[in-house]
Amino acid sequence: MADEKEKQKQGQINIELDEAVAEGIYSNLAIINHSISEFVVDFVSIMPGVPKSKVKSRIILTPQHAKRLLKALNDNVARFESTHGEIKDYEQPPMPLNFGPTGQA
């Protein structure tokens, strides 16, 4: 019995969530870039009539974790829609993005 409990403890991860992180950060835009070794997801909050915004959070993932995240999001969206109905995806006009001054040669 003790061996069984010890095996369970070895397979568990203790994850802490502090108050500041638990509050979350609102984002209505995600910008995704990738290289051979990583995916970079920048989360931004764009407000109507405000011409400038900042990246609020950046998450860097390995390609394997990016694929797992994609699968987890697909699974969760499917479960959400089976309970609450289809999520409508409204057409958005293209948003010009400016990441500061451009380089010159």
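The values are calculated or read from the model by the stated rules, or taken from the named source; none is laboratory data. From a predicted model like this one, the values you see are computed outputs, not experimental measurements. As a convention, Cβ positions derive from the backbone with ideal geometry for all residues, glycine included, and neighbour counts pool all protein chains shown. Accessible surface areas use protein heavy atoms only, side chains included; no ligands, DNA or RNA. Shrake-Rupley method; radii C 1.70, N 1.55, O 1.52, S 1.80 Å.
Structural remarks
- Top-ranked residue in region 62-77 [being part of a helix (DSSP H, G or I) and either touching a helix residue (DSSP H, G or I) at 6+ places or on another chain (Cβ under 8 Å) or open to solvent by less than 60 Å² (accessible area, probe 1.4 Å) (or both); ranked as nearest to Ile32 (Cα to Cα)]: Ala66
- When Ser57 is tested against (1) assigned to a helix (DSSP H, G or I); (2) at pLDDT 95 or above, only condition (1) is not met.
- Scan of region 30-50 for residues that are in contact with a helix residue (DSSP H, G or I) (Cβ under 7 Å, 6 or more places away or on another chain) and of a type in the set (Asp, Glu), ordered by number: none
- The criterion of being farther than 20 Å from Val21 by Cβ, open to solvent by 100 Å² or more (accessible area, probe 1.4 Å), part of a helix (DSSP H, G or I) and not hydrophobic (A, V, I, L, M, F, W, C) does not hold for Lys88.
- Scanning region 2-49 for residues that are at pLDDT 95 or above, part of a helix (DSSP H, G or I) and among the hydrophobic types (A, V, I, L, M, F, W, C) gives a single hit, Ala22.
- Count of residues meeting criterion [closer than 20 Å to Leu29 by Cα and of a type outside the set (S, T, N, Q)] in region 66-92: 13
- Just one residue in the set Lys56, Lys52 is open to solvent by 70 Å² or more (accessible area, probe 1.4 Å), closer than 17 Å to Ala30 by Cα and within 19 Å of the chain's Cα centre (by Cα); that residue is Lys56.
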